[in-house]
Amino acid sequence: MENEEKLMTGEESLKVITSMINKTRVNVTQSSFHLLFWGWLIFACSLSEFLLYKFTSFTNAWYVWVFVIPGVFVSMIYGFTKGRKASVHTYAEGIYVWVWMAFLIASVVLFIVHSSQMENVSKYILLIAAMPTFVSGIILKFKPLIWGGVSMWILALAAHFGGETISSLAVPVAVITGYLIPGYILRITGSHETV
């Protein structure tokens, strides 16, 4: 057995190490698409809800969130299409996908549980959205996304304690710091397909 270990050349060792690293990489292009797509969609919905609530007599301003439903399908179709084209699927990609799927399921359950109090749900969404954002930053080894998750937790607290206006504006600010800024940085710096 000792002789077999000694027979491994430097080149073979490098191949083993490279293979292990490749098993943990995540597709940056797909990650930046989802961050930017959801960042802009949620920003538009949350800001529209705030403006409708503040400057009109429309009592159910939260109806703008219906646009999230087709957004889920667009996101899933994009991910499925890109996933089918990929020749290799890594462990990290699997974890990354299922962390976000867990967020989707938690959001649906939250909306069902709080369906009678939709105007108060933003702080809870920020609270649970921070988790996949933070974990994605860890998986990608990407600090802007980690800090984006932290900012969402801070803004969830601001939404809880800050009063009506601050609570309404916490979501658009959170998607700027949590999704859009990291998404654009990832797209610009992610010239390689994987991190």
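Some points to look at:
- Pairs where the first residue, in the range 86-101, is under 23 Å from Gly71 (Cβ atoms) and the second is of a type in the set (A, V, I, L, M) and modelled with pLDDT under 80, C-beta under 7 Å, 6+ apart: Glu93/Val26; Tyr96/Val26
- Candidates are the residues of the range 133-190 that are among the charged types (D, E, K, R) and in a helix (DSSP H, G or I); the one that is modelled with the highest pLDDT is Lys143.
- Exclusive hit being outside any helix (DSSP H, G or I) and at pLDDT 60 or above, set Ser57, Ser32: Ser57
- The sole residue among Ile112, Ile128 that is assigned to a helix (DSSP H, G or I) and without any contact (Cβ under 8 Å) to a residue 24 or more places away in the chain is Ile112.
- Of all residues making up the range 77-99, the number that are touching a helix residue (DSSP H, G or I) at 6+ places or on another chain (Cβ under 9 Å), at pLDDT below 90, part of a helix (DSSP H, G or I) and of a type outside the set (Asp, Glu): 8
- Residue within the range 106-122 that is modelled with pLDDT of 90 or more and in contact with a helix residue (DSSP H, G or I) (Cβ under 8 Å, 6 or more places away or on another chain) present: yes
- Of the residues screened, Ala106 is not one that is touching a residue at least 24 places away in the same chain (Cβ under 8 Å) and at negative phi.
- Leu169 falls short on exactly one of the conditions (1) under 16 Å from the mean Cα position of the chain (by Cα); (2) surrounded by 15 or more Cβ atoms within 10 Å (Cβ to Cβ), and that condition is (1).
- Test: residue in the range 175-188 that is among the aromatic types (Phe, Trp, Tyr) and surrounded by fewer than 17 Cβ atoms within 10 Å (Cβ to Cβ): yes
The values are calculated or read from the model by the stated rules, or taken from the named source; none is laboratory data. In this text, all values refer to a predicted model and were calculated from it rather than measured experimentally. Don't worry about glycine lacking a Cβ; one is built from the backbone with ideal geometry, like all the others, and counts go over all protein chains shown.
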